[in-house]
């Protein structure tokens, strides 16, 4: 985990502004802070970096790093797992043992062609002084964030939104984006390339572009990896698929154990993190396990984490997430957050990262297992809805079905909506269209415009397999801008590096080559993954009901965090309709199902307004 800032200006900028911006990222990289400045075509180029040292802990590996020919300079937040393989192709007398140097020198020799050969996670910017351009790139799944801003005088980029807002020349020009606000109310996050501000963008995953300093323009935007063109393998047998999955999972875990600092596993006791932990112990005897849980609660899953730890001989650090700890972690993570992101699980995620930080610097997680192997009920709902889409009148039945029929209720409610809209309304737990209209105080808005990114990716996908289409949409939007963003912010606030073996590029490509029935077999979720897990894990871990990193949100909001539901900043801002906000609050008081998720979405927006508007 590192953080970086770049600022290119036609005018002079106070050095204090540059340092203030970089200081906002200090938690992402507490081990070193470095600056670099140059003049290109009469413009000032400034690069800054906050380092979290993982490979090669020496000062020689600090950034910004300049290439041996003095033409290229890089700032990055990356872990390149195949850097030693890439090094073999370089005629290089290394100054460090870091992957940063290999990334830089590879780029110096091959330019942007090297990006698709990188195996790892990354967001970086490389300045080419000779050709007067900057190349910005973001990794395959978008695990590492990258924001950028462009006007007639300034081009700037950073690892977090708050670093750009810190520049007065940028902040004074920002306007809240009403369309992005609508997207947030539906999704619970804002999909790339949008942000909450019209003038700031997020670079999309698996994408790079060049900023031409001389001509002051963004050019050569390209996607360097895609899943949409992968063809189905109709001939592979289940046994062959299991054997290949076993090999790819082992390789994915093994490569993520490379580190010059202590490493551990976030172990919930669910199938995803348990299998990651099991495979990690096959290749390292230095792995620790960490878990936070709720004592005397239905959300207490520590019994499973303890069982797996005993089975694997792992040292488990377990901490009960009690009232005062919850309040402190909530205060800290809300203070750290910037762009609205509505997932209350960020609180325990941040807390477990804080718990782990004194003992490790790198943590493995089971993130991505649901999106790659099909673990969510909404995938079942999508398949049901597709089969019933010619019977749209059935949507009225959703109103009379009991609460225990949630999957079928969701399927019926979405019959009248396009596939790509259903995918995210099913899964977000947020607002339905009529409520969003009331909140935005408008009689009409174009749903296709709100979900234009989902529509775009929906049209790109070539396979006819319904489940793979649903998984693909989640991999392009939900993963990078919600779940991975949550993990990045929580880990960044705790100065911890996060790695996700289940989101390995080669593994993902293989899973998308398998037909949907290998993943969702009837109503059996994660079918192939669970079949493999039988080789490593006890049956009760494999077959237990999916819970995820749940939090007692309704209890929190009615008791410990009731003050947050006042929403004073949001009510006074005029951004949303007051009466509609009060209706959401009333829903929580009347215990209407889902009201706690909806009001949490407004609480996060309220916090953003307080801090940045």
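Among the residues of segment 253-273, those that are outside any strand (DSSP E or B) and within 21 Å of the chain's Cα centre (by Cα) comprise 253, 255, 256, 257, 267, 268, 270, 271, 272, 273.
Select from segment 113-133 the residues that are over 24 Å from the mean Cα position of the chain (by Cα) and surrounded by fewer than 24 Cβ atoms within 10 Å (Cβ to Cβ) and write down the one among them that is nearest to residue 82 (Cα to Cα). Give the derivation first.
Pass one, segment 113-133, residues over 24 Å from the mean Cα position of the chain (by Cα): 113, 127-133.
Then keep just the ones that are surrounded by fewer than 24 Cβ atoms within 10 Å (Cβ to Cβ); that gives 113, 128-133.
On the way: 113: 16, 128: 24, 129: 27, 130: 28, 131: 28, 132: 29, 133: 26 Å.
This residue is 113.
Residues that are surrounded by 20 or more Cβ atoms within 10 Å (Cβ to Cβ) and in contact with a helix residue (DSSP H, G or I) (Cβ under 7 Å, 6 or more places away or on another chain) within segment 155-180 comprise 156, 158, 163, 164, 165, 166, 167, 170, listed in sequence order.
Against the definition (in contact (Cβ under 8 Å) with a residue 60 or more places away in the chain and part of a helix (DSSP H, G or I)), how does residue 249 come out, yes or no?
Details: in contact (Cβ under 8 Å) with a residue 60 or more places away in the chain: yes; part of a helix (DSSP H, G or I): yes.
For residue 249, the condition - in contact (Cβ under 8 Å) with a residue 60 or more places away in the chain and part of a helix (DSSP H, G or I) - is met.
Set side by side, the residues 152, 116 differ, and just one is touching a residue at least 40 places away in the same chain (Cβ under 8 Å), in a helix (DSSP H, G or I), over 19 Å from residue 64 (Cα atoms) and not assigned by TED's automatic domain parsing to the domain that holds residue 256, which is 116.
For the structure I just gave you, tell me whether residue 574 is within 24 Å of the chain's Cα centre (by Cα) and on the phi > 0 side of the Ramachandran plot.
On the way: within 24 Å of the chain's Cα centre (by Cα): no; on the phi > 0 side of the Ramachandran plot: yes.
Spelling it out, it is not the case that residue 574 is within 24 Å of the chain's Cα centre (by Cα) and on the phi > 0 side of the Ramachandran plot.
Mind checking which residues of segment 135-147 are closer than 22 Å to residue 162 by Cβ and either surrounded by fewer than 24 Cβ atoms within 10 Å (Cβ to Cβ) or assigned by TED's automatic domain parsing to the domain that holds residue 503 (or both)?
Result: 136, single match.
For segment 232-250, state whether one or more residues are in contact with a strand residue (DSSP E or B) (Cβ under 8 Å, 6 or more places away or on another chain), at pLDDT 95 or above and within 23 Å of residue 310 (Cα to Cα). No, segment 232-250 has no match at all. Residue count for segment 567-607, restricted to those that are surrounded by 12 or more Cβ atoms within 10 Å (Cβ to Cβ) and under 23 Å from residue 345 (Cβ atoms): 21.
With respect to the stated conditions, residue 560 fails to be surrounded by fewer than 15 Cβ atoms within 10 Å (Cβ to Cβ) and either modelled with pLDDT of 90 or more or outside any helix (DSSP H, G or I) (or both). Residues in segment 436-472 that are buried (at least 16 other Cβ atoms within 10 Å of the Cβ) and modelled with pLDDT under 90: 1 in all.
Restricting attention to segment 479-513, and to residues there that are assigned to a loop (DSSP other than H, G, I, E, B) and out of contact with any strand residue (DSSP E or B) (no Cβ under 8 Å at 6 or more places or on another chain), which single residue is farthest from residue 189 (Cα to Cα)? Quick ask: steps written out before the conclusion?
Step one: of segment 479-513, the residues assigned to a loop (DSSP other than H, G, I, E, B) are 494-496, 500, 504, 513.
Imposing the further condition that a residue be out of contact with any strand residue (DSSP E or B) (no Cβ under 8 Å at 6 or more places or on another chain) reduces the set to 494, 504, 513.
Details: 494: 22, 504: 24, 513: 29 Å.
That would be 513.
Go through segment 1-21 and give me each residue that's farther than 16 Å from residue 489 by Cα and either in the same structural domain as residue 493 (by TED's automatic domain parsing) or touching a strand residue (DSSP E or B) at 6+ places or on another chain (Cβ under 6 Å) (or both). Give the steps one after another, and end with the answer.
Filtering segment 1-21 for residues farther than 16 Å from residue 489 by Cα gives 5-21.
Selection gives 5, 6, 7, 8, 9, 10, 18, 21.
Restricting 379, 350 to residues that are surrounded by 22 or more Cβ atoms within 10 Å (Cβ to Cβ) and either assigned to a loop (DSSP other than H, G, I, E, B) or not assigned by TED's automatic domain parsing to the domain that holds residue 254 (or both) narrows the list to 379.
Any residue at all in segment 105-112 that's without any contact (Cβ under 8 Å) to a residue 12 or more places away in the chain and exposed (fewer than 14 other Cβ atoms within 10 Å of the Cβ)? Taking every residue of segment 105-112 in turn, none turns out to be without any contact (Cβ under 8 Å) to a residue 12 or more places away in the chain and exposed (fewer than 14 other Cβ atoms within 10 Å of the Cβ). Please enumerate the residues belonging to segment 65-98 that are touching a residue at least 60 places away in the same chain (Cβ under 8 Å) and either in a loop (DSSP other than H, G, I, E, B) or not assigned by TED's automatic domain parsing to the domain that holds residue 206 (or both). Scanning segment 65-98 gives 81, 82. Every condition in (1) surrounded by fewer than 22 Cβ atoms within 10 Å (Cβ to Cβ); (2) farther than 18 Å from residue 7 by Cβ; (3) at pLDDT 95 or above holds for residue 80 except the one numbered (1). Only a single item in (1) under 27 Å from residue 375 (Cβ atoms); (2) in a loop (DSSP other than H, G, I, E, B) is not met by residue 575, and it is number (1).
Would you check which residues across segment 531-553 are at pLDDT 90 or above and assigned to a helix (DSSP H, G or I) and list them? Correct list: 531, 532, 533, 539, 540, 541, 542. A count restricted to segment 514-524 and to residues that are surrounded by fewer than 20 Cβ atoms within 10 Å (Cβ to Cβ) and either assigned to a helix (DSSP H, G or I) or at pLDDT below 95 (or both) stands at 5.
For segment 182-224, which fully contained strands (runs of 3 or more DSSP E) count at least 1 residues that are over 29 Å from residue 445 (Cβ atoms) and touching a residue at least 40 places away in the same chain (Cβ under 8 Å)? Write out each step before concluding.
On the way: elements: 200-202, 207-212, 217-223.
In segment 182-224, 207-212, 217-223 are the strands (runs of 3 or more DSSP E) which contain 1 or more residues that are over 29 Å from residue 445 (Cβ atoms) and touching a residue at least 40 places away in the same chain (Cβ under 8 Å).
The values are calculated or read from the model by the stated rules, or taken from the named source; none is laboratory data. Nothing here was measured: the structure is a model prediction, and the numbers come from that model. All Cβ positions, glycine included, derive from the backbone under ideal geometry; neighbour counts span all protein chains shown.
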